[in-house]
1. For the range 58-67, give me each residue that is assigned to a loop (DSSP other than H, G, I, E, B) and within 13 Å of M28 (Cβ to Cβ).
2. Could you please find all residues in the range 74-86 being part of a helix (DSSP H, G or I) and either at pLDDT below 90 or open to solvent by 20 Å² or more (accessible area, probe 1.4 Å) (or both)?
3. Any chance you could count how many residues in the range 141-153 are of a type outside the set (V, I, T) and open to solvent by less than 30 Å² (accessible area, probe 1.4 Å)?
4. Name the residue, out of L68, L39, L30, that is modelled with pLDDT under 95 and buried (at least 17 other Cβ atoms within 10 Å of the Cβ).
5. Given the options S126, S121, S132, S195, name the one that is within 21 Å of S72 (Cα to Cα), surrounded by 13 or more Cβ atoms within 10 Å (Cβ to Cβ), polar (S, T, N, Q) and modelled with pLDDT under 95.
6. Would you mind stating whether F137 is open to solvent by less than 20 Å² (accessible area, probe 1.4 Å), outside any loop (DSSP other than H, G, I, E, B) and under 18 Å from L115 (Cα atoms)?
7. Please go through the range 87-118 and give me each residue that is modelled with pLDDT under 85 and either of a type in the set (A, V, I, L, M) or in contact with a strand residue (DSSP E or B) (Cβ under 9 Å, 6 or more places away or on another chain) (or both), ordered by number.
Amino acid sequence: MRKGAAARPVTARRAVKKPARKPAEPAMDLAVGRRIRDLRRSKQMSLEVVAARTELSIGFISQIERGLSSPSLRVLATLADVLGVGIAALFGAAPKDDSAGGIVTREVQRAELKLWRTGISKQLLSPAGSESRLNLFLVHLEPGGNTGDEFYTHDGEEAGLVLSGEMTLTVDTETWTLKQGDSFRFASRRPHRFSNPAHDAKAVVLWVNCVTAVG
């Protein structure tokens, strides 16, 4: 009789490691959402009223307030405008151990707002929690970072200086490419958007926002 073929040894398959996903930043979304909710309640405004004035859906605003959705800079600016505050108000309250009297902000004390889905982060250089109409930011634009295809408007005036990299700025129907050392200024009520056109370099912009009314 013919002998059966010898059984092949069974080897355990190695588990293939899946590439780690880029971690989300729910804590940041949650903190911003709570701040928006607190501001809305302090103004005694309902979700329905905010939705009507921003032309955003009630469900979307509710998701933002619960930290379930990461808003773009355009959405945040629109919400801040309707709530009667500057975007700096969304960074949170002043630190409890503030020993600088609301005048000096140390580098380690900078409040930061990361719009991680769009590749934009803003560091607040002026004291957090202040009711000042004038606020100073350091804006970081990751390669390809942008405010989106839609234009947006809000209260006040803004100006800036490109410290490194380059930025494409569109105001109304005109578009400019600004490089290191170039600066700009325009009324924030003019439709605008901006982006970093580079694919391999970050842009850093010193940005000033001045609103006409706070509170």
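1. Quick first cut of the range 58-67, residues assigned to a loop (DSSP other than H, G, I, E, B) only: 66-67.
Across the range 58-67, the qualifying residue is only G67.
2. Restricting attention to the range 74-86, the residues satisfying the condition of being part of a helix (DSSP H, G or I) are 74-82.
Scanning the range 74-86 gives R74, T78, D81, V82.
3. Taking the range 141-153 first, the residues of a type outside the set (V, I, T) are 141-146, 148-152.
With the extra rule that they be open to solvent by less than 30 Å² (accessible area, probe 1.4 Å), the set shrinks to 141, 145, 148, 152.
Total satisfying the criteria: 4.
4. Numbers: L68 fails: buried (at least 17 other Cβ atoms within 10 Å of the Cβ); L30 fails: buried (at least 17 other Cβ atoms within 10 Å of the Cβ).
Every option except L39 fails the conditions.
5. Working: S126 fails: within 21 Å of S72 (Cα to Cα); S132 fails: within 21 Å of S72 (Cα to Cα); S195 fails: modelled with pLDDT under 95.
It is S121.
6. Working: open to solvent by less than 20 Å² (accessible area, probe 1.4 Å): yes; outside any loop (DSSP other than H, G, I, E, B): yes; under 18 Å from L115 (Cα atoms): yes.
Spelling it out, F137 is indeed open to solvent by less than 20 Å² (accessible area, probe 1.4 Å), outside any loop (DSSP other than H, G, I, E, B) and under 18 Å from L115 (Cα atoms).
7. Residues satisfying the conditions are F91, G92, A93, A94, P95, A100, I103.
The values are calculated or read from the model by the stated rules, or taken from the named source; none is laboratory data. For clarity, every value in this text was computed on a predicted model and none was experimentally measured. Cβ coordinates were reconstructed from backbone atoms using ideal geometry, including for glycine residues, and neighbour counts include every protein chain displayed. Note: areas computed on protein heavy atoms with side chains; ligands, DNA, RNA excluded. Shrake-Rupley method; radii C 1.70, N 1.55, O 1.52, S 1.80 Å.
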